[in-house]
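First up is the structure itself, then whatever we jot down about it.
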Amino acid sequence: GKNNSTNITQTLINKLYEWSVEWQLNINLAKCRVLHLGVNRDNVVDYYINGVKLPSDDCVNDLGVFIDSNLRYKEHIGHICSKAYSRIGLLFRGFVSRDPLVLVKAYKVYVRPILEYCSVVWSPWQIGLINSIESVQRYFTRRLLWPKVMSYRERLAVLELETLELRRLKLDM
């Protein structure tokens, strides 16, 4: 039952700590967090490393991916979209050239990786989150080809880009 899995988890944490001491690899307790997954988290359990209680969070950042207790990734997607918009602003301020080929290459190098990093882990299935990510590229292409009035699909064709959703689907395969 629950107590058995809790005991097993704490035993594994203890073994990890013993291993780290044996190999002289310190665990930074300030960076350790417990993330309880699922919707029913009323009876959460405390875990300890060397007698120090590990803090519990509803959302943690692990290797640059924000993971919440429901595995929805809404906070992660908001974070990467904000970062990508900032980077697009830097591109337009930092590059003197307005040559679309130059700016598309810069976009592919400096912006798109932000939107695709670890996407096989957090790839959204909700339309709203898919649109949030796609809106970043939509904004970039509109700003790049302004004042021409073209649809998003037409801009992608002219710039030889794929939708970010299609790229994520290809990565998933």
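Taking θ as phi - 60° and the Karplus parameters 6.51, -1.76 and 1.60, the scalar couplings of the stretch 106-112 work out to 5, 4, 5, 8, 9, 10, 4 Hz in sequence order, x denoting glycine and proline. For the stretch 1-130, the solvent-accessible area works out to 67 Å² per residue, with a probe of 1.4 Å and every protein chain left in place. Along the stretch 7-16 the Karplus relation, 6.51 cos²θ - 1.76 cosθ + 1.60 evaluated at θ = phi - 60°, assigns HN-Hα couplings of 5, 5, 4, 5, 4, 5, 4, 4, 5, 4 Hz to successive residues, with x for each Gly and Pro. The stretch 146-162 and the stretch 1-71 have Cα centres lying 47 Å from one another.
Do any GluC sites (Glu not before Pro) in the stretch 90-173 lie in a loop, going by DSSP, with at most 15 other beta-carbon atoms within 10 Å of their beta carbon, and if so which? Write out the running numbers ahead of the final one.
Details: sites: Glu116, Glu134, Glu154, Glu160, Glu162, Glu165; in loops: Glu160, Glu162.
Answer by residue number: Glu160, Glu162.
With each label modelled as a point 7 angstrom along the Cα→C-beta vector, the Arg153-Val21 pair spans 6.4 nm.
Each Cα pair under 8 Å and six or more residues apart adds its sequence gap; the mean of these over the residue count of the stretch 1-141 is a relative contact order of 18 percent. In this structure, the amide hydrogen of Val34, modeled 1.01 Å from its nitrogen in the peptide plane, lies closer than 5 angstrom to those of Ser56, Asp57, counting only residues at least 5 positions away or on a different chain. Please give every one of the lysines within straight-line cross-link reach of Lys83, meaning a C-alpha to C-alpha distance under 27 Å, and leave out same-chain neighbours fewer than 8 residues apart. Excluding near neighbours in sequence, the set is Lys31, Lys74, Lys105, Lys108, Lys148, Lys170. Computed 3J(HN,Hα) for the stretch 122-130, one whole-Hz value per residue from the Karplus formula 6.51 cos²θ - 1.76 cosθ + 1.60 where θ = phi - 60°, is 10, 3, x, 10, 7, 4, x, 6, 4, glycine and proline marked x. Solvent-accessible surface (1.4 Å probe) assigned to Asp99 amounts to roughly 70 Å². Once all protein chains are placed together, Leu12 keeps about 110 Å² accessible to a 1.4 angstrom probe. Dipole magnitude for the stretch 1-114: about 680 debye, using +1 per Lys or Arg Cβ and -1 per Asp or Glu Cβ, origin at the Cα centre. Carbon-plus-sulfur accessible fraction, the chain (probe radius 1.4 Å, protein heavy atoms only): 56%. Please state the shape class of the stretch 134-173: rounded when a/c is under 1.5, otherwise prolate if a/b exceeds b/c and oblate if not, all from the C-alpha gyration tensor. It is prolate, given that a/c is not under 1.5 and a/b is the larger ratio. Using a Förster radius of 45 Å, what is the FRET efficiency between Val52 and Thr163 based on their Cβ-Cβ separation? Nearest 0.05, please. Once the sixth-power term is evaluated, E becomes 0.45.
The values are calculated or read from the model by the stated rules, or taken from the named source; none is laboratory data. Note that the coordinates shown come from a computational prediction; the quantities given were computed from them, not determined experimentally. Quick reminder, even Gly has a Cβ in these numbers, built from the backbone with ideal geometry, and neighbours come from all protein chains shown. Accessible surface is based on the protein model in full, side chains and every heavy atom, while ligands, DNA and RNA are left aside. Shrake-Rupley method; radii C 1.70, N 1.55, O 1.52, S 1.80 Å.
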